[in-house]
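The values are calculated or read from the model by the stated rules, or taken from the named source; none is laboratory data. Here the structure is a predicted model, which means the values were calculated and not measured. Note: ideal-geometry Cβ built from the backbone for every residue, glycine included; neighbour counts use all protein chains shown. SASA here: full protein model, heavy atoms, side chains in, ligands and nucleic acids out. Shrake-Rupley method; radii C 1.70, N 1.55, O 1.52, S 1.80 Å.
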Amino acid sequence: MQKSIVSPSGFFRVHYDTTNVNGNGIPSYVPGWSIDQNVAEVAIAADSVYKFEVQILGYLPPPPDNGAGGDDRYDIYIINQNNSIYGYTEWESKVGAINWTAFTVIDNDYIGYYSTGLNGMKVTVAHEFHHGIQVGNYAVQNSSSPIRDSDSFFYELTSTSMEEFVYDDVNDYYAYMHTYFRRTYNSLPNQNGYNLAIWNIYLKENFDFGILKRQWELIPGREALLAINQSLLEESTSFPRELNRFGIWTFFTGFRSIPGKYFEEAINYPLITPTFTIQYPTAPPDMRTQPTSNNFVLFNIPSNGDSLF
């Protein structure tokens, strides 16, 4: 691209264009700001994300990329995504049994997104940089690919939860939640992951951040559900038990939320859609359920106008 700058920490190189001759767009997160001011905000956000995810939470940083992008720094490219995706992270070269280099691409302005401008940029950097961490140090062991396709939900739920952990006030994850609350009957691996940031929020609230990092330490050698279960066994509980408790937490949202209990932001969350509705005392339908799912049964009781979940 036409120009690049190094972030104040020295860990990132941010690439961008100053004219639109290549069709990449010009960095413009805040109208009226200069290009330099806008790019500087990306560098500041990247350093903030690095400080939180690496220095505070303790994840290993992505490995050097052998000079790709001009030097060994982690590369971020600002390119117009045409309101299609917030950004993406692409792995490059395998440099160890569980280590791959990568770079990140983000949008140039975030006009028309759920989170716009600087907010859209910040949560995207938080999300995508953790993908760089994931393939950089916690890739599938001795594989020709750093990821397991069957675990795609886990990669995305982790990165989406990082948006909330790093930038608590932005709440971009609200945009995806409704698809989980409408279909809690889908098994977790059949969710898209973006809609499951609340699962990691639940784990963090009950066990702190360390359990999330422990899962990534286990990921190279085992699938995500087994890694989650092992991390919970080490906390003297289990995945089935916590998935059940998680289901109770997800019930108490919206007007059902209880201040000081369950999710801190529950008042802003949607209500779950019942998996089955029964007009009591009519016989229930054939209630088959998927593994690793939560199912909610609503009994409507016409005799007294009441209902029971």
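What to note about this one:
- Of the criteria (1) surrounded by 18 or more Cβ atoms within 10 Å (Cβ to Cβ); (2) out of contact with any Gly (no Cβ under 7 Å at 6 or more places or on another chain); (3) more than 18 Å from residue 57 (Cα to Cα), which one residue 142 fails: (1)
- Residues being within 27 Å of residue 176 (Cα to Cα) and either without any contact (Cβ under 8 Å) to a residue 40 or more places away in the chain or crowded, with 16+ Cβ neighbours inside 10 Å (or both) - total across region 273-309: 12
- Hits in region 1-19 - residues which are of a type in the set (D, E, K, R) and open to solvent by 40 Å² or more (accessible area, probe 1.4 Å): 3, 13
- Each residue in region 260-309 was checked for being touching a Pro at 6+ places or on another chain (Cβ under 6 Å) and either of a type in the set (Asp, Glu) or part of a loop (DSSP other than H, G, I, E, B) (or both), and 1 of them qualify.
- Among the candidates 203, 232, residue that is surrounded by 19 or more Cβ atoms within 10 Å (Cβ to Cβ), free of Cβ contacts under 8 Å to residues at least 40 places away in the same chain and in contact with an Asp or Glu (Cβ under 7 Å, 6 or more places away or on another chain): 232
- Restricted to helices (runs of 4 or more DSSP H) entirely inside region 110-192, those with at least 3 residues that are out of contact with any Ser or Thr (no Cβ under 9 Å at 6 or more places or on another chain) and under 17 Å from residue 87 (Cα atoms) are 117-137, 152-166.
- Just one residue in the set 114, 110, 86 is aromatic (Phe, Trp, Tyr) and surrounded by fewer than 20 Cβ atoms within 10 Å (Cβ to Cβ); that residue is 114.
- Only one of 219, 198 that is modelled with pLDDT of 95 or more, within 15 Å of residue 134 (Cβ to Cβ) and buried (at least 21 other Cβ atoms within 10 Å of the Cβ): 219
- Unmet criterion (only one of (1) more than 12 Å from residue 181 (Cα to Cα); (2) modelled with pLDDT of 95 or more) for residue 270: (1)
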